[in-house]
Each structure stands twice: as structure tokens, then as C-alpha cells.
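The values are calculated or read from the model by the stated rules, or taken from the named source; none is laboratory data. Everything numeric here is computed off the predicted structure, so don't read it as measured data. Cβ placement follows ideal geometry from the backbone for every residue including glycine, while neighbour counts extend to all protein chains displayed. What goes into the accessible areas is simple: the full protein's heavy atoms, side chains included, and nothing from ligands, DNA or RNA. Shrake-Rupley method; radii C 1.70, N 1.55, O 1.52, S 1.80 Å.
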Amino acid sequence: MRNQHLSPFFKNPNQVSLFIKREDLLHPEISGNKYRKLKYNLERAQQENHHTLLTFGGAFSNHLLATAAAGKEYGFRTIGLVRGEELAVTSALNPTLKKAQDYGMQLHFVDRNTYRNKNQPDFINSLSATWGNFYLLPEGGTNEWAVKGCEEILTPQDTIFDYICVSVGTGGTLAGIANSASKHQQVLGFSALKGDFLKTEISRWTKHTNWQLTDAYALGGYAKTTDQLIAFMNYFKEKTDIPLDPIYTGKMMFGLVDLIQQGKFPKNSRILAVHTGGLQGIEGMNRKLIQQKRLLID
Ligand SMILES: *Cc1c(COP(=O)(O)O)cnc(C)c1O
């Protein structure tokens, strides 16, 4: 996707130039990196004559919704195993789950203990007794085909950049970018969740060592927000007219601008931030924030 230059709306002591890759514009619902991650999986599922996609996700999962939308578009039945039994009884589904259902996904709510088995082969095999044959997409959508799809995010024109920045959930996207980045480029991952375990996970998907990961901007953990983050995202929207999502890209951009302002990048560095999408999550987050009288502009 095209890169958009951001004229500095922030303190820029080392005169870096900042561009944003608008992967969020790839597709309204199969947004950004989820489109990349699904592409080769859908091809495989078709080649293997599967009619059903089964996957896992939390209540706000962009991956779940992307799978539901892709299923509708490409003619697969979709089944989503959702973490949290309690969600099934609250009759009002959140906007993400509601949209997934509207795309025809069958939602099946599982308790948190059962959900933990999501990567256990025995458990996964047992699911076909209920759901029949299916093509499995793991939680978050990361597998070797997803990583292959993410290797297509960078284009030959992007070799002019010194740094590529991306938000990290499972790390599949970062791994794909690291695989396709040029030797002189550094890939910086901004983790949306706390913890060091992700580094090991990412090393499974890329042999390259041109990447770094920080969880300094996870801001309390997955799907947690702070007033400062919300204020930053609204300011960013006002200055650039580009919306960010509260779970991933908002935290990446918050962290990236903080590092730029602190002068952490060498003089005149050229930085490309990947907008991985996820904008569908704004509405759900706003329902939480409105109760606290905080709001994201969308
Ligand atoms: C899922 C997602 C990510 C994280 O991608 P991973 O490959 O799991 O690291 C980043 N940004 C957005 C908007 C996402 O939806």
C-alpha cells in the first residue's frame, strides 16, 4: 500500500522523516495485516477442498472478524471459538462479535480453561466431532502461511527507509517484515502486550536478526488504555486525519513518537511505520471509554 508522509506534529530534534504505510486501507474489514495473514491460508484451504474455517479469538479480535469477513467473501463457512463463556449470556454482543456474526460466523463461547487448549493437537482434533472437517487458523492467525503473506507488506520502493516500525501481537507480522527487509534496515516491534516470551515466538518464524522488540509501550497490557494514549491518538487524528486503533497501532505510534522526541533515532533517519489496520476496534473501545467520559475520535 501507499506510504504517506507525516509532517512533524511532534518535537523532532534529529530531523527524522516519518512515513506511514496505509495497510489499513487494503480492505474495510479484513484490515491491514489480517488480510496479508489470511491470503495464503485461504489459498491453501481452497486447494485442500475445505469448506469451513475454524479459528480462535478474544471478544475484540480483529483476526476473528477478518476471518468472518473473508469467509463470507470467499465462500467458506466460519466458526469462531471465543474466549469467555460469560460473553454468551450477555445477550448484547460487542460490535466486533456482532459484525462477525452478521458475516455468518458461528460463534461458540468457551470458558477460559478450555480456551487454553487452543494449540493442543488433541483438543483441536476433538473439535471435528462437533464441527466436522475444517481448516484451522490459529488464534491471531499466525502460521507459516501468514508470515509468508506478511513478507509482501514491504515493496522494493521501501528500501529507502532505515527503520520499519510495526505493532506486535503474536509477532507473525513482524517476522514477515523482518524476512523481507533489506540488510541495512532495522525492524522495530512495539508489543501490544507485556512480556518477553514473544521474542522466542518470533524467532520461530524468522531466522533474521534485524529486529528488536519493546514492550515499553504496552501501557499496562493487552487492550488496556491510559488517558495519555487516548489523548495522543485523538491529537494524532486531528493533525494527520489518520485514525489509529487503541489496541495496536495507537500504542506503536505513541511509542514511536516518544522515541523520536527523545532523539533516540540518528539524525535524518528515514522511518516507515506500518499501519496494520484494526480500526473496527474503535467502536468497541469507545463503549468502554464512554462510561469513563473518555472518547476516541473515529
Ligand atoms: C493483529 C494485529 C496486529 C498484530 O499482528 P501479529 O502478527 O499478531 O503480531 C497488529 N495490528 C493490528 C491492527 C492487528 O489487528
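Based solely on its DSSP helices, what 222 nm [θ] is calculated for the chain when runs of n ≥ 4 H residues each add -39,500 (n - 2.57) and the sum is averaged over all residues, nearest 500 deg cm²/dmol? That comes out to -11500 deg cm²/dmol. For the stretch 77-214, what is the relative contact order in percent, using Cα pairs closer than 8 Å and at least 6 residues apart in sequence? It rounds to 18 percent for the stretch 77-214.
Surface composition of the stretch 233-285: carbon plus sulfur atoms hold 43% of the accessible area, using a 1.4 angstrom probe and ignoring ligands, DNA and RNA. Listed by chain and number, the aspartates and glutamates whose C-alpha is less than 12 Å from the C-alpha of K21, apart from same-chain residues fewer than 8 away, are D158. Taking all protein chains into account, the per residue accessible area for the stretch 38-181 stands at 43 Å² (1.4 Å probe). Loop-located trypsin sites (Lys or Arg not before Pro) in the stretch 249-296 (DSSP state not H, G, I, E or B) with no more than 10 neighbouring Cβ atoms inside 10 Å: K267, K293.
Defining a contact as two alpha carbons under 8 Å apart and six or more residues distant in sequence, what relative contact order in percent does the chain show?
Result for the chain is 24 percent.
The mean sequence distance of close C-alpha pairs (under 8 Å, at least 6 residues apart), as a share of the length of the stretch 154-252, puts its relative contact order at 29 percent. Quick one: pull the percent of accessible area on the stretch 89-176 belonging to carbon and sulfur, 1.4 Å probe, ligands and nucleic acids left out. That share works out to 49 percent. Using only Cα atoms and rounding to the nearest 10 degrees, what angle (0 to 90) does helix 33-47 make with the longest principal axis of the chain? Rounded to the nearest ten degrees, it is 40.
With a ≥ b ≥ c taken as the square roots of the eigenvalues of the C-alpha gyration tensor of the stretch 148-274, please select rounded if a/c is under 1.5 and otherwise prolate if a/b is larger than b/c or oblate if it is not?
Because a/c hits 1.5 or more and a/b fails to exceed b/c, the stretch 148-274 counts as oblate.
Computed from the alpha carbon atoms alone, the convex hull of the stretch 103-184 holds 142 Å³ per residue. Here the accessible area is traced with a 1.4 Å probe on the protein chains. For the stretch 1-77, carbon and sulfur cover 47 percent of it. Computed from Cα atoms, the angle from the helix 227-240 axis to the main principal axis of the chain rounds to 70 degrees. A full extension of the chain between D258 and Y74 corresponds to an added length of 62.1 nm, given 0.36 nm per residue minus the alpha carbon distance. Measuring with a 1.4 Å probe in the full set of protein chains, what accessible area per residue, in whole Å², belongs to the stretch 248-291? Normalised by residue count, the accessible surface of the stretch 248-291 is 36 Å².
Taking only Cα atoms, what is the 0 to 90° angle, nearest 10, from helix 249-261's long axis to the longest principal axis of the chain? So the helix axis and the longest Cα principal axis differ by about 20 degrees.
Which value, in nm² and rounded to one decimal, describes the direction-averaged projected area of the C-alpha convex hull of the chain?
15.2
Based on the alpha-carbon gyration tensor of the stretch 2-138 and its eigenvalue square roots a ≥ b ≥ c, which shape applies: rounded if a/c is under 1.5, prolate if not and a/b is larger than b/c, or oblate? Judged from the Cα gyration tensor, the stretch 2-138 comes out prolate (a/c at least 1.5, a/b above b/c).
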